[in-house]
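Visitor: Here's a structure for you.
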Protein chains: 2
Amino acid sequence: MTSSIQQNTPVSLKNVVIDNGFWGARQANNREHTLPAIKHQMEITGRVDAWKLDWKPGQPHKPHIFWDSDNGKWIEAAAYSLMTHPDAELETYMDSVIDLIAAAQQPDGYLNIFFTAVEPQNKFKNLRDWHEFYDAGHLVEGAVAYYEATGKRKLLDVMCRYIDTIDANFGPKEGQKRGYDGHPEAELALVKLYHATGEQRYLDLSKYFIDERGQQPLYFDQEAIARGEDPKQYWAKTYRYCQAHIPVREQDMATGHSVRAAYLYSGMADIAAETGDEALKKACMSIWDDLNEHHLYITGGLGPAHANEGFTVPYDLPNETAYAETCAAIALVFWAWRMFKLDPDSKYIDTMERALYNNVLSGVSHEGSHFFYANPLAAFPNVTPHGQWSGIVGDRDYRRSEWFDCACCPPNLARLVASLGGYIYSTDTDTLYVHLYASNHAEVEVNSRAVKISQQTDYPWAGQIRLGVDVDQAGRFRLGLRIPGWCRAYTLKVNGEALTTAATKGYVLIDREWKSGDEIILSLEMPVERVLPHPLIRHDAGNIALQRGPVVYCIEEADNGNNLANVIIPQDARMITTFEPDLFDGVSVINVEAQRSTTDWKGGLYQPESAQHLTRVPTAIKAIPYCFWANREPGEMRVWIREN
Amino acid sequence: MTSSIQQNTPVSLKNVVIDNGFWGARQANNREHTLPAIKHQMEITGRVDAWKLDWKPGQPHKPHIFWDSDNGKWIEAAAYSLMTHPDAELETYMDSVIDLIAAAQQPDGYLNIFFTAVEPQNKFKNLRDWHEFYDAGHLVEGAVAYYEATGKRKLLDVMCRYIDTIDANFGPKEGQKRGYDGHPEAELALVKLYHATGEQRYLDLSKYFIDERGQQPLYFDQEAIARGEDPKQYWAKTYRYCQAHIPVREQDMATGHSVRAAYLYSGMADIAAETGDEALKKACMSIWDDLNEHHLYITGGLGPAHANEGFTVPYDLPNETAYAETCAAIALVFWAWRMFKLDPDSKYIDTMERALYNNVLSGVSHEGSHFFYANPLAAFPNVTPHGQWSGIVGDRDYRRSEWFDCACCPPNLARLVASLGGYIYSTDTDTLYVHLYASNHAEVEVNSRAVKISQQTDYPWAGQIRLGVDVDQAGRFRLGLRIPGWCRAYTLKVNGEALTTAATKGYVLIDREWKSGDEIILSLEMPVERVLPHPLIRHDAGNIALQRGPVVYCIEEADNGNNLANVIIPQDARMITTFEPDLFDGVSVINVEAQRSTTDWKGGLYQPESAQHLTRVPTAIKAIPYCFWANREPGEMRVWIREN
């Protein structure tokens, strides 16, 4: 038995059934509403029929270069759902989609809707902008998931063949192009394909993409010249946009397009974990620290700027104009999970949990069929009741959309929610780690021993988690329970007996002989926290946020009226948490004895302070979980609330 | 002699010489640096040679549809300068430019660079988007000014001929198009042309443009259909953008592109004043109130949004992303001046003065040859020392530019500064009004009597103004001295004797027999005011601004270090005004005994408040006039400063 936390292996979501509770409801919603809504949109927008490759100019539904990836993520989401909730009808339907995809594969193995049906002459001509490997990567992820869910190899074989084609064309050998994708994604997908097939060449190809990225001479320059373009005319102005400005091992800052970034960093972490590459691990850790120290919203959102859908400068975290793309927070979950494998420390899971409970879930409506692309931390509608602009950029009413032309977020969200069971547990040789708390029962193997573990909890609304252990035969192994970073006091009992073991890197390691019926009760104190922003975040200066457990709260006009900039939560404000069973099928809200800055305002927009009578009146304010905002009448919203 | 304030007539800038002081320095700078810089840019960008109409595809300097207007404003600026500061070399040069323009006029009177040299087939095809009347209007303004400055009619005659061509083609008669320009400007220019020539048809054409605007069927719709376009595909989505969504007399809100708006409203005020049209006057007053009550920055800036370069919804006044185009504040000066004529009340001059001393002058560097298009009220550079983004939208270093592709602002600013003398005085039958305070001497006619008036003052750095009256023969008339809206106490002495007359609509009317040597001393108390923002301006909640006299202040990194969001000016902070003779050739700065919120910050971006040690340390802060910001090392800037 080792004394420290080792590199470890996730427990497959196939072995984890989320029964009920918060994530049970989210997953049911995902199955019953989100997946059908995505299926409907995939069909009516032509994304399924596009595989027939029969689009002709002038016809509707011109295929887009991203459509393969939408299919890939959708198949992956369906596959994860099938793993825990078999559905013959859904499986038959997905088989039919896979048949279409397989039939679309070209004799040489190539597989891409747009570059077969629309612009075959441009195949592999612009990896920088045109997402071919990104598309391939998502289809690979879908294929692997579908294979794992159903045992059916058809799509997996198709994708192996396509990847082999890419592998033949790209690489360091004579006659090969030294290319990699402007939108990283294939890197992490290829590691999955390696694990699913055991074929080393897929790992090697992923590593090649990682190694080659940003090397001189820059492939994107050469490729542009080959197209007859001036590389300096690159629309995004800098290869920082796609994290290809310097070799990845020299990178130490989160930069560029945030989804590309987090997918790349996930792939880097995968390769570092697979190969033990210390330079790559160091780069991952440096970038991780930069993200967490300088660029992360309290909601787990990342990439504040619309212009590049990505990162800007340290501490630049505007609220109302925050981009904070749903996909970026999802990609952060992937990256965080891989970082833990590389460097077992609960700080990664803390960030993962922050993203999950806040920015990720903000991406989908409570009823499950409408989606946000951007997830701002403050909202001010420009339509009624405040006024009607109808300006060039259109109305800003903060309602989620049924779909997007660039539809990356909805299926991304669906696949993450469907696979949430896969993020709860992991094991190393002698330890079973519990990372997330959610009612579930799971079957795992620790120390070559089959262990059944279960959780019952109202988390994140309450901090008590009851864990049950069931083993065929009593035996020794370690149980590692994560003490979340937000938690500042907890108690732990095993079979009623208090345990005071200190946490190691955020995990209390309970090393004992376990027998069936053992019960662990972990009670995490979960008061409302007044959270201060770092002093260098200028947008939040003078404000606080409310957080309880992993859940960040916001105030909405639906509960509190408008003009939320005048709400003040003094340092001594009383705050009471109440569970409201009828709100969003049950959430904990925070009732705050706050104040409103009011004034019997006289005159125009700007007045001498001495001429105005300023007062503060007590006001009851209700804060709701940020992830459920914008599910009622459109109106103002704020996460950061004035303290003075 | 009347008992109230009457509609009145400006005293021409030809009769007003600004001697020295604040505006003397600004005008000298304008003559010596701004006008030569504009001349240089006009030449090197091909805007002068473009009149030769010999541009061919593939050549550099392809003419732009705005270039005529750049020429018009530049000629106008030079003309105003010549009125008070004759300059034979400049006049000869401008004559040569005018020769080029005259030679470019087509046999049918048409005159436009782009639609003669580049796209003749598109002449008068898209008034909505292509600015032909806007171009004509600016050339008319230049022609009128040059005629008034030099007596030379060449350009005036050219423009009369072109306007006659427009007049023949557009109007209500059979066979005419019922058009008006998407970018208003010609409306106010035609009123100037009417006054310069005495030709009623120019006033009528202006009135026609005003009357027709927004009438059904909408001309822009018909024009689009005639081009084979679907009017619904209008790129700006709504004719609110160009204030043509409804007839102007039904408009009561500031809307759309802010420069278009303020030019239109200026033309409406002109026509209302010329014709006594009460419905038009009412619309002007309603829109004015809407602007001042809902849409005006404290700097006199207007139009917060980059997307439409214009207005959004009430109280939407973001600071860091403020557009607040230099041209919009300039256009507001024009409009305000016309509103006073329509409705004599110093509130219009208050707004005019706010725009002049703040947003307008922010548009030009202190040395005079660099310009801002947008004038934000808070700045946070994304380049060193805070970091380097080099994102898609480029570096944001808040340095003024030498020029712009769309170069509306520099010559607009030059013409306003050169003509400032024209905004100081006006007269009605028996009264001489003093609107602005600036060292100058002027010759005016009041009650058919020649009066010399002079001002000596350090305004806006000090509130004392010494006015001298000189008349050939003693005589009775009224002198109306404006008491600025910002001023809450003042004393007034005539020949040493205190006067306590109350102000009427912001003017103290001194009705007496004046003789040469009479001296008036007006002392406006000018303390630093802590200005509160309207409670509905969410961006400013919890902040104050500092204003002294008409001058709005800001704090800059060059004086105060970075992280200005942590600067707090408590309610009882001591503030001392100091004149710094060496800073920007002499400005009053405000030294504030402020505080900085500091913390021995531990941990990442977000921390429980209870875990941080927050303190406030006394800090000496120096505020400078906003109009002089961004003249030193690039860095942070804030107008609105935390109070708590």
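The values are calculated or read from the model by the stated rules, or taken from the named source; none is laboratory data. For clarity, every value in this text was computed on a predicted model and none was experimentally measured. As a convention, Cβ positions derive from the backbone with ideal geometry for all residues, glycine included, and neighbour counts pool all protein chains shown.
Visitor: Just one of (1) touching a Cys at 6+ places or on another chain (Cβ under 7 Å); (2) closer than 18 Å to B:R128 by Cα; (3) free of Cβ contacts under 8 Å to residues at least 60 places away in the same chain trips up B:Q216, so point out which.
Guide: Exception for B:Q216: condition (1).
Visitor: When you check A:H295 against the structure, is it under 23 Å from B:G394 (Cα atoms), surrounded by fewer than 24 Cβ atoms within 10 Å (Cβ to Cβ), in contact with a Phe, Trp or Tyr (Cβ under 7 Å, 6 or more places away or on another chain) and within 12 Å of chain B (Cβ to nearest Cβ), yes or no? Please lay out each step first, then the result.
Guide: Numbers: under 23 Å from B:G394 (Cα atoms): yes; surrounded by fewer than 24 Cβ atoms within 10 Å (Cβ to Cβ): no; in contact with a Phe, Trp or Tyr (Cβ under 7 Å, 6 or more places away or on another chain): yes; within 12 Å of chain B (Cβ to nearest Cβ): yes.
When the stated conditions are applied, A:H295 does not pass them.
Visitor: Also, quick follow-up: Any residue that is surrounded by fewer than 24 Cβ atoms within 10 Å (Cβ to Cβ), away from chain A (no Cβ under 14 Å) and not aliphatic (A, V, I, L, M) - is there at least one of those in the stretch B:256-271? Give the steps one after another, and end with the answer.
Guide: First, the residues of the stretch B:256-271 that are surrounded by fewer than 24 Cβ atoms within 10 Å (Cβ to Cβ): none.
Among the residues of the stretch B:256-271, not one is surrounded by fewer than 24 Cβ atoms within 10 Å (Cβ to Cβ), away from chain A (no Cβ under 14 Å) and not aliphatic (A, V, I, L, M), which makes the answer no.
Visitor: Can you find, within the stretch A:415-447, the residue that is farthest from the chain's Cα centre (by Cα) among those that are hydrophobic (A, V, I, L, M, F, W, C) and assigned to a strand (DSSP E or B)?
Guide: A:V446
Visitor: Failed condition for A:D221, given (1) surrounded by 14 or more Cβ atoms within 10 Å (Cβ to Cβ); (2) out of contact with any Pro (no Cβ under 6 Å at 6 or more places or on another chain), with all others met?
Guide: (2)
Visitor: Residues that are touching a residue at least 24 places away in the same chain (Cβ under 8 Å), more than 30 Å from A:D458 (Cα to Cα), of a type outside the set (V, I, T) and in contact with a strand residue (DSSP E or B) (Cβ under 6 Å, 6 or more places away or on another chain): does the stretch A:264-276 have at least one?
Guide: No, the conditions are met nowhere in the stretch A:264-276.
Visitor: Name every residue in the stretch B:68-97 that is part of a helix (DSSP H, G or I) and without any contact (Cβ under 8 Å) to a residue 60 or more places away in the chain, in order of residue number.
Guide: B:A88, B:E89, B:L90, B:E91, B:T92, B:Y93, B:M94, B:D95, B:S96, B:V97
Visitor: Identify, please: which residue in the stretch A:358-391 is in contact with a helix residue (DSSP H, G or I) (Cβ under 7 Å, 6 or more places away or on another chain) and within 14 Å of chain B (Cβ to nearest Cβ) and is, among those, modelled with the lowest pLDDT?
Guide: By that ranking, first place goes to A:S390.
Visitor: Quick test of your reading of the structure: A:I624 fulfils all but one of (1) under 28 Å from B:D316 (Cβ atoms); (2) within 14 Å of another protein chain (Cβ to nearest Cβ); (3) surrounded by 22 or more Cβ atoms within 10 Å (Cβ to Cβ). Name the failing condition by number.
Guide: Every condition holds for A:I624 apart from (2).
Visitor: Go over the candidates B:E223, B:E141 one by one and state the one that is more than 23 Å from B:Q105 (Cβ to Cβ) and either in contact with a Lys or Arg (Cβ under 7 Å, 6 or more places away or on another chain) or among the aromatic types (F, W, Y) (or both).
Guide: Numbers: B:E141 fails: more than 23 Å from B:Q105 (Cβ to Cβ).
Among B:E223, B:E141, only B:E223 is more than 23 Å from B:Q105 (Cβ to Cβ) and either in contact with a Lys or Arg (Cβ under 7 Å, 6 or more places away or on another chain) or among the aromatic types (F, W, Y) (or both).
Visitor: Still on this structure: Right, B:V259: over 21 Å from B:V360 (Cβ atoms) and among the β-branched types (V, I, T) or not? Outline the logic, then answer.
Guide: On the way: over 21 Å from B:V360 (Cβ atoms): no; among the β-branched types (V, I, T): yes.
Taking the combined requirement at face value, the residue does not satisfy it.
Visitor: On the given criteria, is B:Q106 more than 27 Å from the chain's Cα centre (by Cα), surrounded by fewer than 14 Cβ atoms within 10 Å (Cβ to Cβ) and outside the structural domain of B:N440 (by TED's automatic domain parsing)?
Guide: no
Visitor: Ok, one more. Can you find a residue that is hydroxyl-bearing (S, T, Y) and farther than 20 Å from A:D49 by Cβ anywhere in the stretch A:124-138?
Guide: For the stretch A:124-138, residues hydroxyl-bearing (S, T, Y) and farther than 20 Å from A:D49 by Cβ: present.
Visitor: On the basis of being more than 14 Å from chain B (Cβ to nearest Cβ) and more than 28 Å from A:G72 (Cα to Cα), does A:D221 make the cut?
Guide: In short, yes.
Visitor: Turning to a different aspect of this structure: Filter the stretch B:627-643 down to residues that are surrounded by fewer than 17 Cβ atoms within 10 Å (Cβ to Cβ) and within 13 Å of chain A (Cβ to nearest Cβ), then give me how many there are.
Guide: Adding up the residues that qualify gives 0.
Visitor: Follow-up question, since we're still on this one. Can you tell me which residue in the stretch A:312-328 is nearest to the other protein chains (Cβ to nearest Cβ), limited to those that are touching a strand residue (DSSP E or B) at 6+ places or on another chain (Cβ under 7 Å) and part of a loop (DSSP other than H, G, I, E, B)?
Guide: Result: A:T312.
Visitor: Filter the stretch A:392-414 down to residues that are small (G, A, S) and modelled with pLDDT of 90 or more and give me whichever is farthest from the chain's Cα centre (by Cα).
Guide: A:S401
Visitor: Scan the stretch B:196-210 residue by residue and report those that are assigned to a helix (DSSP H, G or I) and touching a residue at least 24 places away in the same chain (Cβ under 8 Å).
Guide: Once the filter is applied, which keeps residues that are assigned to a helix (DSSP H, G or I) and touching a residue at least 24 places away in the same chain (Cβ under 8 Å), the stretch B:196-210 yields B:A196, B:T197, B:R201, B:Y202, B:L203, B:L205, B:S206, B:K207, B:Y208, B:F209, B:I210.
Visitor: Only residues that are surrounded by fewer than 18 Cβ atoms within 10 Å (Cβ to Cβ) and either within 14 Å of another protein chain (Cβ to nearest Cβ) or farther than 30 Å from B:V471 by Cβ (or both): list them for the stretch B:404-434, please.
Guide: B:F404, B:D405, B:C406
Visitor: Just name the residue that is nearest to A:N382 (Cα to Cα) out of those in the stretch A:544-564 that are modelled with pLDDT of 95 or more and within 11 Å of chain B (Cβ to nearest Cβ).
Guide: Selected residue: A:L564.
Visitor: Kindly check whether there is at least one residue in the stretch A:597-619 that is on the phi > 0 side of the Ramachandran plot and either over 40 Å from the mean Cα position of the chain (by Cα) or within 12 Å of chain B (Cβ to nearest Cβ) (or both).
Guide: Yes, some residue in the stretch A:597-619 is on the phi > 0 side of the Ramachandran plot and either over 40 Å from the mean Cα position of the chain (by Cα) or within 12 Å of chain B (Cβ to nearest Cβ) (or both).
Visitor: While we're looking at this one, here's another question. Among (1) within 11 Å of chain A (Cβ to nearest Cβ); (2) among the aliphatic types (A, V, I, L, M); (3) without any contact (Cβ under 8 Å) to a residue 24 or more places away in the chain, where does B:A573 come up short?
Guide: (1)
Visitor: Here is a further query. The conditions are (1) in contact (Cβ under 8 Å) with a residue 40 or more places away in the chain; (2) touching a helix residue (DSSP H, G or I) at 6+ places or on another chain (Cβ under 9 Å), and A:E32 fails exactly one of them. Which is it?
Guide: The one condition A:E32 does not meet is (2).
Visitor: Tally the residues that are among the basic types (K, R) and touching a strand residue (DSSP E or B) at 6+ places or on another chain (Cβ under 6 Å), restricting the search to the stretch A:485-512.
Guide: 1
Visitor: If you don't mind, another one. Please verify whether the stretch A:331-354 includes one or more residues that are within 14 Å of another protein chain (Cβ to nearest Cβ), out of contact with any Leu (no Cβ under 8 Å at 6 or more places or on another chain) and over 29 Å from A:D277 (Cα atoms).
Guide: no
This table checks each residue for (1) within 14 Å of chain B (Cβ to nearest Cβ); (2) surrounded by fewer than 22 Cβ atoms within 10 Å (Cβ to Cβ); (3) over 19 Å from A:A272 (Cα atoms).
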residue	(1), (2), (3)
A:M159	no, no, yes
A:D164	no, yes, yes
A:N169	no, yes, yes
A:P172	no, yes, yes
A:G179	no, no, yes
A:A196	no, yes, no
A:Y202	no, no, no
A:D211	no, yes, no
A:Y234	yes, yes, yes
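Visitor: What tally of residues in the stretch B:522-543 results from selecting those that are within 7 Å of chain A (Cβ to nearest Cβ), of a type in the set (A, V, I, L, M) and closer than 25 Å to B:T577 by Cβ?
Guide: Number satisfying all stated conditions: 2.
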